[in-house]
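Okay, structure first, notes after.
Nothing in this text is a laboratory measurement; each read-out follows from the coordinates by a stated rule. Just so we're clear, the structure is a prediction, and the values are computed from it rather than from any experiment. Note: ideal-geometry Cβ built from the backbone for every residue, glycine included; neighbour counts use all protein chains shown.
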Amino acid sequence: MTTVRCASVAFLFSLLHSVLLARSESFIGINYGQVADNLPPPSATAKLLQSTYIEKVRLYGADPAIIKALANTGIGIVIGTANGDVPPLASDPNFARNWINSNVLPFYPSSKIILITVGNEVMTSGDQNLMTQLLPAMQNLQNALNGASLGGKIKVSTVHSMAVLKQSEPPSSGSFDPSFGDLMKGLLGFNKATGSPFAINPYPYFAYRSDPRPETLAFCLFQPNSGRFDSGTNIKYMNMFDAQVDAVRAALNSMGFKEIEIVVAETGWPYKGDSNEVGPSIENAKAYNGNLISHLRSLVGTPLMPGKSVDTYLFALYDEDLKPGPGSERAFGLFKTDLTMTYDVGLSKGAQGTTPAPATPKTPATPSPSPSNNETWCVPKSNVSNVQLQANLDYACGQGIDCRPVQPGGACFEPNTVASHAAYAMNLFYQHSARNPWNCDFSQTATLTSKNPSKSSQTPMPLQIVHRQPLCPYPKLDYFLLLKAYYIIIIYLIIIYLFI
């Protein structure tokens, strides 16, 4: 009996450890565009994706070589129809059945196709005929899936640009352009009836490009800023991504479609562009994508959708060298076509927390060199104003870390100073971001140290350090959560021991 009990204890602890540390990041996806003449083979791309935390891929078409290469990888696949396919899909159910027979049935379920997007940004294309044909096309594809007994397994939707909103600021005022009339209502009715998501393309990059002020850049890059107050909900937004997504949420709610889930089909930031373009740089791209990923991993959600990260497809996997337009259109790739990282945002399983690729931004914002000691802390630099420290505090707490200890009644509320509270939050944010050096920048107001600040006579505020060992890449699973889970298991095992 003792042997059995010991074995049970070992098994349960092992199981707990595995479950906690192997949490899926199914909310992180990436766009795989093909407007290029130098892309690596699909098989090489499949291996690359398996070496990352990317769990979903969105294709703009239905390339059979790519779909086949992703077979048995467990990676979710979104396939799409071209805008030019919308008219025949709408008018001919046989065309829709043939499309499913050619692009889905030969590959599913080995290739994990999860969603079919019909067209891209059709509702803002200006083509009224195409817009009216969108819903019938989606319905015919859905019927074809139903006929193949796949209706409950693969969803059908379409992808919208943010231009479908007439109003988006403040987020609570989000509303659809009334000129869409019953067309939008019909699409939303389809989403509700089939359980498919509302797919949107929010780009804080374009918001900054139209308002290129320093405070707008910080707001768009998830960097410390004063925030934007929404008087409709009394919510202060600390980043543009949340504001844009919540504007869509508000628009859906105002139409009576609160149950429709939102999927971010595209979002990203270019790392270079033409000389006359505002915003593209490796520094900005790394900040946006890296901070977005940290925000998603925190599972804090958005103010209107708390506690769950929106499925988000980063743009893009590779640069597409044949795309027309300004230089930035050809510089969104997170990976180069030689399969190396353009810059490191913590997506690679073998490079989590490593130093990012060298960058030469126009305005460097590099934190102090990371100490060689395994234990590092992020602390404010001296002579930083309380205004900046308060902005840092608001930013860090807005990214999903637990700031209750520095709130009234919390264990670390005293001393009740902005400096003490900001120091706690800034360090906790750094620890929760896999100790990436660039997450201890705070607009060049912070630095790294290998000396425990809570033991330093030079640091007047007592810092409570939660993480003393290198973090796993899942910041939501902090020490206190792990400890609580272990206590539950121990109590459970004691009960088993007493009654068996």
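Judged by the ratio a/c of the largest to the smallest principal axis of the C-alpha gyration tensor, the stretch 24-330 counts as oblate, that ratio being 1.5 or greater while a/b is no larger than b/c.
Identify the GluC sites (Glu not before Pro) of the stretch 243-281 meeting these criteria: DSSP loop state and at most 14 other C-beta atoms within 10 Å of the C-beta. Passing sites in the stretch 243-281 are Glu259.
Among the trypsin sites (Lys or Arg not before Pro) in the stretch 252-319, which ones are in a DSSP loop with at most 15 other Cβ atoms within 10 Å of the Cβ? Mind listing them?
When the trypsin sites (Lys or Arg not before Pro) of the stretch 252-319 are filtered for loop state and at most 15 Cβ neighbours within 10 Å, Lys258, Lys308 remain.
Label positions at Ala71 and Asn452, each projected 7 Å from the Cα along the C-beta direction, are separated by 5.6 nm. Here the dipole of the stretch 92-173 is about 340 debye; that uses its Cα centre as origin and unit charges on the Cβ of Lys and Arg (positive) and Asp and Glu (negative). If you average the C-alpha positions of the stretch 41-88 and of the stretch 138-185 separately, how far apart do those two centres end up, in angstrom? Each part's Cα centre sits 22 Å from the other's. Taking the alpha-carbon centroid of each part, what is the distance from the stretch 379-422 to the stretch 258-318 in angstrom? Here the two parts' Cα centres lie 25 Å apart.
Residues Phe257, Phe107, ranked from the fewest to the most other C-beta atoms within 10 Å, line up as Phe257, Phe107. Label positions at Val35 and Lys272, each projected 7 Å from the Cα along the C-beta direction, are separated by 1.9 nm. Applying 1/(1 + (r/R0)^6) with R0 = 56 Å to the Cβ-Cβ distance of Asn83 and Gln407 gives a FRET efficiency near 0.65. Spacing of the modelled spin labels on Met305 and Lys47, each 7 Å from Cα toward Cβ, amounts to 3.6 nm.
In a fully extended conformation the segment linking Ser382 and Thr132 would gain 83.9 nm over its present Cα-Cα distance, using 0.36 nm per residue. Packing here is the average count of other Cβ atoms within 10 Å per residue, and on that basis the peptides 176-183, 217-224, 199-206, 127-134, highest first, run 217-224, 199-206, 127-134, 176-183. A full extension of the chain between Lys336 and Phe229 corresponds to an added length of 34.6 nm, given 0.36 nm per residue minus the alpha carbon distance.
Counting neighbouring beta carbons within 10 Å and listing from fewest to most, the residues Asp274, Asp402, Asp242, Asp338 come out as Asp338, Asp274, Asp402, Asp242. Cβ-Cβ distance of Asp182 and Ser102, R₀ of 45 Å, FRET efficiency by 1/(1 + (r/R0)^6): the value works out to about 0.90. Dipole size of the stretch 24-330 about its Cα centre, with +1 on Lys/Arg Cβ and -1 on Asp/Glu Cβ: approximately 760 debye, rounded to the nearest 20.
Dipole orientation for the stretch 36-124: of the candidates Thr124, Ile113, Asn72, Asn72 has the Cα lying most toward the positive pole (charges on Cβ; Lys, Arg +1; Asp, Glu -1).
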